[in-house]
Amino acid sequence: MKPNKEIFIEQLPKVELHAHINGSLSNETLCKLSQLKYGTDAKHTEKYHLLTKMDLIDAFEKFKYAHELTDTPEAVALATECVIRDFSDDNVVYVELRSTPRSTMKMTKDEYIMAVIDTILKMKSQLPSILVKLIVSINRRESIESAEENGSLASKYAKLHPNIVCGVDLSGDPASKKFSDFEPILAKARETGLKLALHCGEIDDQDEISAMLKFGMHRLGHGTFIKGENEEILLKNNEIALECCLTSNLLCGVVPTYSDHHFWRFYKNGHPVVICTDDFGVFSTSLSKELQIASDTFNLSSDDLIKLSRGAIDCSFASDDEKPIVHGKIDSFAKDAIGF
Ligand code: 6MZ
């Protein structure tokens, strides 16, 4: 029999704010995508999973495999649908997916983003219990021209689908281009009303972290190497929530053990912190597993976990009409969960 805490976490209405679509493909999804592309037996998928501790460079290699499979609008739609279903199966009631519009021989960036949005719309009627939003990613490895295109696409589709497209993300290999190269694009996106959820401090570059904190953002992804003065600045600014991805950071070798994870430093100081999966396919995890790890490592009670879910929706880019709906689901679960 499963321990009570595990059942509790599985049933808890959860909120996911940091999930890259092409990092969130389960084995089953990879098989379906292989079949769609090659029409025969699925290819093996070991190349995609990060099974033991490696480094960030190895992690970035993994996405190439997913990108090979999601090179048409049909494949992007199938991937998006499967990711939404998997989150819903884990009782995630609100998810902000993020993805980098990509052009291939068979697809334009517009077609990519439309495939994601159309799927989110389709899933609204099929899975009404999960509310799905989209954050458009800019990959640091791309040219500035390509990043500008993604910024413009984010603004264009936010106007067309204001209930879905809610923000812009800066992600990709943190050791490639500098934040300052993308600053004008991100500033423009913010001016058009888009929210910013930026990867920051994934490597130890205190000058860049300081520049990013000065620029500001709505949420900060990872923040693994935020230290000293920069840590004090972030802690003083309670407006910038931290997205923590425990297993991702462990397997990418940027934190030595779960108990060393910076989640705890920020959490115990009362800073808004959200537990996220990052790439549940690559890191073979789920939001329930991440919450279980947080609970076991940092001795979090059921009440703490409910508060984390409530805090996450407060930090989300959901509208003022949507937030109370998600809070309502958490409240009714909390009422029934007294026995846990
Ligand atoms: C930085 C990451 C990431 O956009 O094709 N991505 N960027 N740090 C991470 N932590 C390990 N995990 C994923 O999803 C895959 C893309 O998301 C970004 C990378 O740019 C990767 O190519 P999409 O859906």
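Quick note: the coordinates plus some simple rules give every number you see, no bench work behind them. Small disclaimer: the values here were computed from a predicted structure and weren't measured. Cβ: placed from backbone, ideal geometry, glycine included. Neighbour counts: every protein chain shown.
Extents of segment 238-340, taken as max minus min of Cα coordinates on every principal axis and listed largest first, are 39, 32, 30 Å.
Note on Met1 and Gln35: the model spin-label points, each 7 Å out from Cα along the C-beta direction, lie 3.8 nm apart. For the chain, a Gaussian network of Cα nodes joined below 10 Å ranks Val15, Val326, Val136 by mean-square fluctuation, and the top entry is Val326. Computed on the Cα trace of segment 4-102, the radius of gyration divided by the Kirkwood hydrodynamic radius gives Rg/Rh = 1.00. Here each label is just a point 7 Å from Cα along the line to Cβ, and for Asn237 and Lys335 those points are 3.9 nm apart.
Annotation: amide H of Lys14 within the under-5 Å range of Val92, Val93, Tyr94, sequence separation 5 or more or interchain, hydrogens built in the peptide plane. The lysines within cross-link reach of Lys188, meaning a Cα-to-Cα straight distance under 20 Å and a gap of 8 or more places when in the same chain, are Lys109, Lys156, Lys159, Lys177, Lys178, Lys214. Amide H to amide H distances under 5 Å link Val165 with Leu134, where only residues 5 or more positions off or on other chains count and H is placed in the peptide plane. Taking 0.890 mPa s as the viscosity and 25 °C as the temperature, the Stokes-Einstein diffusion coefficient of segment 46-185 based on its alpha-carbon Kirkwood radius rounds to 154 µm²/s. Take the Cα of Ser103, step 7 Å toward its Cβ, do the same at Lys307, and the gap between the two points is 5.0 nm. The helix-based estimate of mean residue ellipticity at 222 nm for the chain, built from -39,500 (n - 2.57) per DSSP H run of four or more residues and divided by its residue count, is -15500 deg cm²/dmol to the nearest 500. Normalised by residue number, the volume inside the convex hull of the Cα atoms of segment 27-66 is 57 Å³ per residue. Stick to Cα atoms and the Kirkwood definition of Rh, then tell me Rg/Rh for the chain. Reported Rg/Rh, Kirkwood definition of Rh: 0.94. The slack in the chain from Ile144 to Ser129, taken as 0.36 nm per residue of separation less the alpha-carbon distance, amounts to 1.6 nm. The mean of 1/r over all pairs of different alpha-carbon atoms in segment 94-173, once inverted, gives a Kirkwood hydrodynamic radius of 12.9 Å.
With θ taken as phi - 60° and the Karplus curve 6.51 cos²θ - 1.76 cosθ + 1.60 applied, the whole-hertz 3J(HN,Hα) list for segment 243-258 is 8, 9, 10, 4, 5, 4, 5, 5, 6, 7, x, 9, 10, x, 9, 4 Hz, x standing for glycine and proline.
Figure legend: label point modelled 7 angstrom from the Cα of Lys159 along Cα→Cβ; residues of segment 117-142 with amide N under 18 Å from it are 136. Between the beta carbons of Asp260 and Glu68, assuming R0 = 35 Å, the FRET efficiency works out to 0.50 to the nearest 0.05. Note on Ser210 and Asp55: the extension gain reaches 53.4 nm, defined as 0.36 nm multiplied by sequence separation minus the Cα-Cα distance.
For segment 135-211, the set of trypsin sites (Lys or Arg not before Pro) satisfying both a DSSP loop assignment and a count of at most 16 other C-beta atoms within 10 Å is given as Arg141, Lys178.
Whole-Hz Karplus values for segment 149-157 come out as 4, 5, x, 5, 5, 4, 5, 4, 7 Hz, taken residue by residue from phi with 6.51 cos²θ - 1.76 cosθ + 1.60 and θ = phi - 60°; glycine and proline positions read x. Each residue of segment 228-236 is assigned a 3J(HN,Hα), and the resulting list reads x, 4, 5, 5, 5, 4, 5, 5, 5 Hz, derived from the Karplus form 6.51 cos²θ - 1.76 cosθ + 1.60 (θ = phi - 60°), x at Gly and Pro.
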